Amino acid sequence: MTYITFYAQAQDRFAVAIQVCKRALKQKMRISVITSSDDVSQKIGDLLWLDSPTSFLPNCDGSSSLQPKTPIIIDHRSDLLRHSGVLINLTNEIPKSFSSFDRLIEIVNQEDRIQKEARVRFKFYRHRGYPLKTHQLDKS
């Protein structure tokens with residue numbers, strides 16, 4: 001069964017996604033990141049490559065020939081992602097095939113629209129019996 005974690009009240013969804021990627025890589029997990037568009041995929045991919053001056057988080061898009069060797073796959077087309085390991089959802093929709101992953105990470109910022117859409121997803125998952133965990137990132 002897919003375990004679902006919501007990170008709520010994020011200041012920056014991309015920064016949280018990068019931290020989740022780092023932790024998952026340390027655990028030797030495969031990571032897929034679903035985005036809303038090619039532009040967003042490119043932006044998060046660039047941020048992962050430039051994470052720090054002395055390291056990077058290797059990634060590629062789902063159509064790359066490097067996909068089998070790359071630990072992080074980023075794409076807005078869900079059919080091009082891996083369907084196991086960790087899925088980080090950077091869209092505001094329920095990802096297709098999320099139940100084929102071991103873990104689903106939902107990152108919710110402080111925008112009202114994003115929070116409302118996240119509540120709908122939370123209720124959807126809860127109603128279907130998925131184990132849910134929530135981390136409040138900003139207590140203020």
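What follows draws every value from the coordinates through simple rules; no lab data is involved. Computed from a prediction, not measured in an experiment: that's the story for all the values here. Because the Cβ atoms are built from the backbone with ideal geometry, glycine has one as well, and the counts that use them run over all protein chains shown.
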| message | Test of understanding: in a Gaussian network model of the chain with alpha carbons linked when under 10 Å, which of ASP46, ASP79, ASP112 would top the mean-square fluctuation ranking? | response | ASP112
| request: Calculate the spin-label point distance for LEU66 paired with ASP102, positioning each point 7 Å from the Cα along the beta-carbon direction, and give it in nanometres. | output: 2.4
| Modelled label reach - SER36, point 7 Å along Cα→Cβ, the stretch 95-119 residues with backbone N closer than 18 Å | 95-96, 105-119
| Pairwise FRET efficiency - ASP79 versus ASP112, Cβ, R0 = 35 Å, nearest 0.05 | 0.65
| query | VAL33's amide H: which non-local residues (gap 5+, or another chain) put their own amide H closer than 5 Å, with H modeled 1.01 Å from N in plane and none for Pro or chain starts? | reply | ILE73, ILE74, ASP75, ILE88
| request: Step through the table entries LYS43/LYS133; LYS43/LYS96; LYS22/LYS69; LYS43/LYS69; LYS22/LYS133; LYS96/LYS123, compare each Cα-Cα distance with 24 Å, and write down the pairs that go over it. | output: LYS43/LYS133
| field | Rounded to 5, percent antiparallel among DSSP beta bridges of the stretch 3-136 | value | 5
| request: Per residue of the stretch 61-78, in order, report the coupling 6.51 cos²θ - 1.76 cosθ + 1.60 (Karplus, θ = phi - 60°) as ³J(HN,Hα) in whole Hz, putting x for Gly and Pro. | output: 8, x, 8, 6, 5, 7, 3, x, 9, 9, x, 10, 10, 10, 6, 8, 9, 4
| Among THR35, THR54, what is the fewest-to-most ranking by other Cβ atoms within 10 Å? | THR54, THR35
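Compute the whole-percent fraction of alpha carbon pairs in the chain spaced more than 26 Å apart. Numbers along the way, then the final one.
Numbers: 1665 of 9730 pairs.
Cα-Cα pairs of the chain separated by over 26 Å account for 17 percent.
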| message | Under the rule of at least 5 residues apart or a separate chain, name every residue whose amide H is placed under 5 Å from the amide H of TYR7. | response | GLU106, ILE107, VAL108, HIS135
| request: Calculate I(q)/I(0) for the stretch 62-106 by the Debye formula, one identical point scatterer on each C-alpha and no solvent, and give its log10 at q = 0.17, 0.20, 0.26, 0.28 Å⁻¹ to two decimals. | output: -0.44, -0.61, -1.01, -1.14
